[in-house]
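The values are calculated or read from the model by the stated rules, or taken from the named source; none is laboratory data. Just so it is clear, the model here is predicted, and its values are computed rather than measured. All Cβ positions, even for glycine, are placed from backbone atoms using ideal geometry, and neighbour counts span all protein chains on display.
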Amino acid sequence: MYLYNVEHTCGTTAPHYQLLKQGESFAVHTCKSKSTRNPLLKWTVGEGALNEFAFSPDGKFLACVSQDGFLRVFNFDSVELRGTMKSYFGGLLCVCWSPDGKYVVTGGEDDLVTVWSFGDCRVIARGHGHKSWVSVVAFDPYTTSVEESDPMEFSGSDEDFQDLLHFGRDRANSTQSRLSKRNSAESRPVSVTYRFGSVGQDTQLCLWDLTEDILFPHQPLSRARTHTNVMNATSPPAGSTGNSVTTPGNSAPPPLPRSNSLPHSTVSNAGSKSSVADGAIASGVSKFATLSLHDRKDRHHEKDHKRNHSMGHISSKSSDKLNLVTKTKTDPAKTLGTPLCPRMEDVPLLEPLICKKIAHERLTVLIFLEDCIVTACQEGFICTWGRPGKVVSFNP
């Protein structure tokens with residue numbers, strides 16, 4: 001990855017680099033010359049191809065996803081690594097920041113979308129809906145919302161509703177400032193909903209909602225208007241009602257929430273049929289992923305992924321030395337189950353609101369606009385999709 005200054009010209013000779021800063025799995029080189037010239041910096045991040053990078057909304061942080069399966073977030077000015085995350089399997093292909101810069105969503109060769117919290121530096125949710133590699137992830141700033149909770153109010157006044165329809169762009173631009181009020185207004189709970197989408201090589205478009213029960217699993221919902229079902233802290237004992245209060249002395253940990261009532265295992269009622277079936281599903285997914293990791297290592301150890309045969313790997317010995325970074329020999333099987341890459345049953349599992357086949361070839365573009373969604377595919381078609389419930393006024 002190279003940094004250029006548009007006000008500077010490129011040199012006529014090949015640049016020579018010197019090491020500026022080096023860290024865990026990354027190195028930054030500067031151009032060695034008497035006068036300032038382009039490129040200013042050369043970033044070497046991870047192993048293999050650097051598939052995509054994205055700046056945070058404030059421009060201070062840089063998120064990179066690589067073919068080695070890692071998400072790395074840097075402070076761009078100080079060139080410091082702020083956090084990392086490992087994919088469940090394979091390389092990561094796409095990355096996107098939330099409008100307020102608090103969350104990062106990635107997609108890749110594990111057919112999953114992964115939500116990573118920038119503040120906590122941890123995976124907070126995964127989404128399973130695609131049947132092949134995820135090509136693009138993007139947040140929808142026009143439906144991402146934060147509403148202050150009032151006891152007698154459900155969805156705001158009529159004036160607010162009209163503002164939502166006709167001034168979606170203003171709401172999107174003010175999302176960051178409104179989200180920042182969440183920490184200061186402790187006595188006034190808010191209702192948070194992030195909407196993001198994904199497209200993949202399975203030709204499907206998926207839309208996802210990231211809501212309070214996933215973002216704040218230990219806090220009560222401020223209002224019951226989310227699209228997800230929150231599971232009870234513990235299963236109530238036989239003969240009791242669903243309004244029972246969990247005592248602090250209960251040794252059973254609360255189960256993780258699963259969006260849209262996806263099957264998951266519970267701690268109590270282990271002998272019931274539903275718990276056995278849910279546990280089998282969770283363990284089956286985990287064993288399948290672990291088996292895939294070992295199979296990939298054993299069967300394809302002698303040949304690399306075609307993506308890695310890029311021009312960046314065909315270089316002289318001198319340039320190879322410059323590209324060296326401090327590598328941590330991370331065994332994918334060992335990272336599974338750690339905070340770097342939690343197991344499927346250790347984090348909430350999202351279910352898409354919709355998942356629809358919209359093309360005949362692999363989808364490559366997803367852009368959210370105020371009144372429509374734009375997609376493109378390898379067949380060469382660019383399609384616009386009108387938003388549901390969008391009212392078009394033809395008043396003179």
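Annotation: of all residues in the stretch 69-92 being in a loop (DSSP other than H, G, I, E, B) and within 24 Å of residue 132 (Cα to Cα), the one that is nearest to the chain's Cα centre (by Cα) is 87. Does residue 159 satisfy being of a type outside the set (A, V, I, L, M), assigned to a helix (DSSP H, G or I), at pLDDT 50 or above and farther than 15 Å from residue 56 by Cα? When the stated conditions are applied, residue 159 passes them. Apart from one condition, residue 74 fits all of (1) out of contact with any helix residue (DSSP H, G or I) (no Cβ under 8 Å at 6 or more places or on another chain); (2) aromatic (Phe, Trp, Tyr); (3) closer than 23 Å to residue 355 by Cα; the exception is (3).
Residues that are assigned to a strand (DSSP E or B), over 18 Å from residue 199 (Cβ atoms) and among the basic types (Lys, Arg) do not occur anywhere in the stretch 98-116.
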